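The values are calculated or read from the model by the stated rules, or taken from the named source; none is laboratory data. Just so we're clear, the structure is a prediction, and the values are computed from it rather than from any experiment. For neighbour counting, all protein chains shown are included, and Cβ atoms are generated from backbone atoms with ideal geometry for every residue, glycine included. The area values use the complete protein model at the heavy-atom level, side chains included, leaving out ligands, DNA and RNA. Shrake-Rupley method; radii C 1.70, N 1.55, O 1.52, S 1.80 Å.
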Amino acid sequence: MAYQYLENITLEQAVDDFCSAAAAAHGRLTGELIAVDERALGRVNCKILTAAANAPHYNACAMDGVALNAALTAGVTDTTPLTLHSGQYVWVDTGDALPEGCDAVVMVEDVVEGEAEGELTLYAAAAPWQHVRQIGEDVCVGEMILPANSVITPAAIGALLATGIQQIEVYKRPLVGVIPTGDEIVSPRPAPAAGEIINFNTPTFAAMIKQWGGEPRPYDIVRDDLTAIKQALLDACSECDVVLINAGSSAGREDYSAAAIAELGTVLHHGIAIRPGKPTILGLIGNTPVLGVPGYPVSGIIVLRELLRPLLAALCGMAPSTDEQADAVLSRAIVSGLKYREFVRIKLGRVGDRLIATPLDRGAGVITSFLKADALLDLPQNCEGYEAGQTVRVELLRPRGQIENTLTIIGSHDPLIDNIADIMHRRYPRSYIASAHVGSMGGISAIKRCEAHLAGIHLLDEQDGSYNFSYLRQHFPDGGVALIRGFKRIQGLMVAKGNPLGLGGIGDLQREGLRYVNRQRGAGTRILLDYLLKQRGMSSTAVYGYNREEPTHIAVATQIASGSADCGLGIYAAAQACGLDFLPICDEEYDFLIDARFLELDLVRQFLAVLTGEEFAAQAAAAGGYDLDGAGRIISEF
């Protein structure tokens, strides 16, 4: 009989059931006494904390000046000044104890020293307790400093010490065991063999656990063997407050996690209506909550965010933390099935008066999509998706200020955009670049819809061989845009080192058995290929792999370098980066399209400064195949 997941419960039910079961079985964590110093930062106190001393604990002078008895100054005005002599006042500094017999301080700025030694003149009366911090002004003994279950902040550390509290009881950090499983999983190494998967999930999860106040305990990799997995679970559950087992939660022939948990304890749920993360297992072994985490890295990250984070908060008696949210406009449509609640990684940028959201790769194994993501879009269950241009609510993964100060580039891919982003952020630390690779035509659409500041384009006019201008005249007949000259680059066929198939040019693409890899529809490189095929009277249907698409030049080159394709059209720099041979075909113009309204933006000015700078020129020369003559020149008439 085919394996079936036990359930498809909602995420809300999964969180409630998991936290409730853990609370009933495990209870909250025990407490430990720690000193109130920088090591208390981020810890959670178990009990209410009340002041052990008054703050301040003495009557303190609040200003530099003279302390005196305020009654001496009764009736003093500008016209009826008072002259004081030694013995009637005491010079004090801020923080000094108020001298005996004094009940006020007159600021030094309001005191006029006379000609005789020790003689002072005042021109205003002092009020009783003026400029004096009285005992208990801030806090009195017995007053609450912090309620129970508070996160200790730097300000809290200062307040506790100021009120005589030098030790506090805090919850122990939840000890979270992380068990990696799988015959294919290996420790990090420079050159893993085919079929070996680097164990990067464990350090990723450990870092997340630390970020949320837990203490990770990584275990050795366990082979795909039910008995071995059961023993590893028993060992971890005897030592830890929570245990993660990764992976083996799916329905493969060697996925033993659910069976192991069931034999040792209880499987609460197996299968949650989320994507990615569907195969998640929630269980208990003895009093220890166990989370079976899917192997795909993005699935694991989502599952930890949505299930482990609230569990750790519950064990410490805290409310679940929430991320800042913002409204953003989708740059393109998102289609979703009705069966699952889906979490989509999003790139954000402020364009005009709108925050623009560009969806990233949705694959569960694409770990870099989380590295690039600025936000998560939570697509509810039973929702078919959202249309391009629709306003959606997203959870921010980066500070809003960083997102607001990001230059958004959507369009054709070129590796040098990453170089520009690196130089620009180093030179202007508060500025960032976010780029999305959707092809030249996708870039034109993004500028039309005001969804990007810049669009990288290299569109060939088949009639006269020029680049970009005819497309701008067609798509922007009323103007309002400008072209920033980028760079010339060499396009050609990328082939394996040594050109083992002896390819000579475009005419060889229809050779039987040749495996081609193409760029996506709308990409300038694909438009160039179509033009070159047409010139030779060749049909795209004769090119095996014509419909095999990759989003970037580097991605095409990588497929050739790995041996899964024989050739592909791309730029010289990508071939160089991947150690390939290159058959040059033509030069092309790669430029940046911009809405003319954005030319005066600081971010655009910074971009231009980098584009025309010496550091970028040196990096372009090192990459190879680029000509920066005229880079940064602004063309407004086409």
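Neighbours of residue 520 by Cβ distance under 12 Å: Lys/Arg scored +1, Asp/Glu scored -1, total +2. Here the spin labels are modelled as points 7 Å beyond Cα on the Cα-Cβ line, and at residue 538 and residue 609 they lie 4.6 nm apart.
Of the whole protein surface, residue 425 contributes about 70 Å² of accessible area at a 1.4 Å probe radius. Karplus-derived 3J(HN,Hα) values for region 220-230, using 6.51 cos²θ - 1.76 cosθ + 1.60 with θ = phi - 60°, are 5, 5, 10, 5, 6, 9, 4, 4, 5, 5, 4 Hz; glycine and proline are entered as x. Stretching the chain fully between residue 141 and residue 24 yields a gain of 38.4 nm (0.36 nm per residue, less the alpha carbon separation).
Within the accessible surface of the chain, defined with a 1.4 Å probe on protein heavy atoms only, the carbon and sulfur portion equals 51 percent.
Note on surface exposure: 144, 538, 107 rank 144, 107, 538 by accessible area, highest first, 1.4 Å probe.
A simple spin-label model places pseudo-atoms 7 Å from Cα toward Cβ; at residue 10 and residue 200 they are separated by 3.6 nm. In this view, the solvent-accessible surface of residue 183, computed with a 1.4 Å probe and all protein chains in place, comes to about 90 Å².
Counting only residues at least eight positions apart within a chain, or on another chain, the aspartates and glutamates with an alpha carbon under 15 Å from that of residue 488 are 414, 587, 588, 589, 591, 627, 629. Against the main long axis of the alpha-carbon atoms of the chain, helix 524-535 sits at an angle near 10°. Think of the chain as a dipole: +1 on every Lys or Arg Cβ, -1 on every Asp or Glu Cβ, centred on the Cα centre; then among 228, 142, 607, 228 lies furthest on the positive end.
Surface exposure of the chain, expressed per residue as accessible area with a 1.4 Å probe, stands at 45 Å². Taking all protein chains together, 427, 526 sort by accessible area into 427, 526, largest first [probe 1.4 Å].
For every other residue with a beta carbon closer than 11 angstrom to the beta carbon of residue 499, add +1 if it is Lys or Arg and -1 if Asp or Glu, then tell me the sum. Each step should come with its number before you reach the end.
On the way: positive: 497; negative: 508, 566, 581.
Charge balance near residue 499 sits at -2.
In the P(r) worked out for region 318-378, what percent of Cα pairs fall beyond 16 Å?
On the way: 924 of 1830 pairs.
Roughly 50 percent, once rounded to a whole number.
The mean sequence distance of close C-alpha pairs (under 8 Å, at least 6 residues apart), as a share of the length of the chain, puts its relative contact order at 11 percent.
So if R0 is 60 Å, what FRET efficiency would residue 511 and residue 383 give, r being the distance between their Cβ atoms, rounded to the nearest 0.05? Before the final figure, lay out each step's value.
Values: r = 47 Å, r/R0 = 0.79.
It comes out at approximately 0.80.
Charged neighbours of residue 160, selected by a Cβ distance under 14 Å, balance to -2 (K, R count +1; D, E count -1).
Using the Cα centre of the chain as the reference point, and only Cβ charges (+1 on K/R, -1 on D/E), how large is the resulting charge dipole? Debye, rounded to the nearest 20.
Details: 50 positive and 76 negative charges, 570 e Å.
Roughly 2740 debye for the chain.
Using Cβ point charges alone (K and R +1, D and E -1), the dipole size of region 73-132 about the Cα centre works out to roughly 220 debye. When both region 360-431 and region 86-157 are represented by their alpha-carbon centers, they are found 53 Å apart.
Positive end of the dipole of the chain (Cβ unit charges, origin at the Cα centre): among 272, 405, 502, the Cα lying farthest that way belongs to 502. Expressed as a fraction of 2.2 N^0.38 Å, the C-alpha radius of gyration for region 475-593 is 1.10. Put the Cα centre of region 601-624 next to the Cα centre of region 475-513 and the gap is 23 Å.
Label reach from residue 119 (point 7 Å along Cα→C-beta): in region 71-90, amide nitrogens under 17 Å belong to 80-89. Each Lys and Arg adds +1 at its Cβ and each Asp and Glu adds -1 at its Cβ; summed about the Cα centre, region 4-72 shows a dipole of about 340 debye.
Along region 96-111 the Karplus relation, 6.51 cos²θ - 1.76 cosθ + 1.60 evaluated at θ = phi - 60°, assigns HN-Hα couplings of 5, 5, 5, x, 4, x, 9, 9, 7, 10, 9, 4, 4, 5, 9, 10 Hz to successive residues, with x for each Gly and Pro.
Taking amide H as placed 1.01 Å from N in the peptide plane, the amide H of residue 325 sits under 5 Å from that of 396, each at least 5 places away or on another chain. The amide H of residue 244, built 1.01 Å from its N in the peptide plane, has 177, 178, 179, 291 as neighbours under 5 Å, considering only residues 5 or more places off or on other chains. Across region 332-348, rounded Karplus estimates of 3J(HN,Hα) from the backbone phi angles (6.51 cos²θ - 1.76 cosθ + 1.60, θ = phi - 60°) give 8, 5, 10, 9, 9, x, 8, 7, 10, 8, 10, 10, 10, 6, 10, 9, 10 Hz, Gly and Pro being marked x. The alpha-carbon atoms of region 184-256 define a convex hull whose volume equals 99 cubic angstrom per residue.
Counting DSSP beta bridges in the chain, what percent are antiparallel, to the nearest 5? Don't skip to the answer; put the middle values down first.
Working: 83 of 114 bridges.
Looking only at bridges with both residues in the chain, the antiparallel portion is about 75 percent.
So what is the relative contact order for region 497-638, in percent, with contacts set as C-alpha pairs under 8 Å and at least six apart?
On the way: 129 pairs, mean separation 31.5, N = 142.
Relative contact order of region 497-638: 22 percent.
If you rank 257, 321, 540, 86 by how much accessible surface each has, with a 1.4 Å probe, what is the order from largest down? Let's see the in-between values first.
Values: 257 0, 321 65, 540 40, 86 90 Å².
Order by accessible area, largest first: 86, 321, 540, 257.
Each 10 Å bin from zero holds the following percent of Cα-Cα pairs in the chain: 3, 12, 17, 17, 16, 13, 9, 7, 4, 2, 0, 0. Using R₀ = 51 Å, calculate the FRET efficiency as 1/(1 + (r/R₀)^6) where r is the Cβ-Cβ separation of residue 69 and residue 32; round to 0.05. So the FRET efficiency works out to roughly 0.50. Calculated on the alpha-carbon coordinates, the convex hull of region 27-172 measures out at 122 cubic angstrom per residue. The residue list 199, 216, 262 was ranked by how far each Cα lies along the charge dipole of region 156-268 toward its positive end, using unit charges on Cβ atoms, and 216 comes out on top. A Förster distance of 60 Å, applied to the separation of the beta-carbon atoms of residue 220 and residue 478, puts the FRET efficiency at 0.35. Listed by chain and number, the aspartates and glutamates whose C-alpha is less than 14 Å from the C-alpha of residue 497, apart from same-chain residues fewer than 8 away, are 566, 581.
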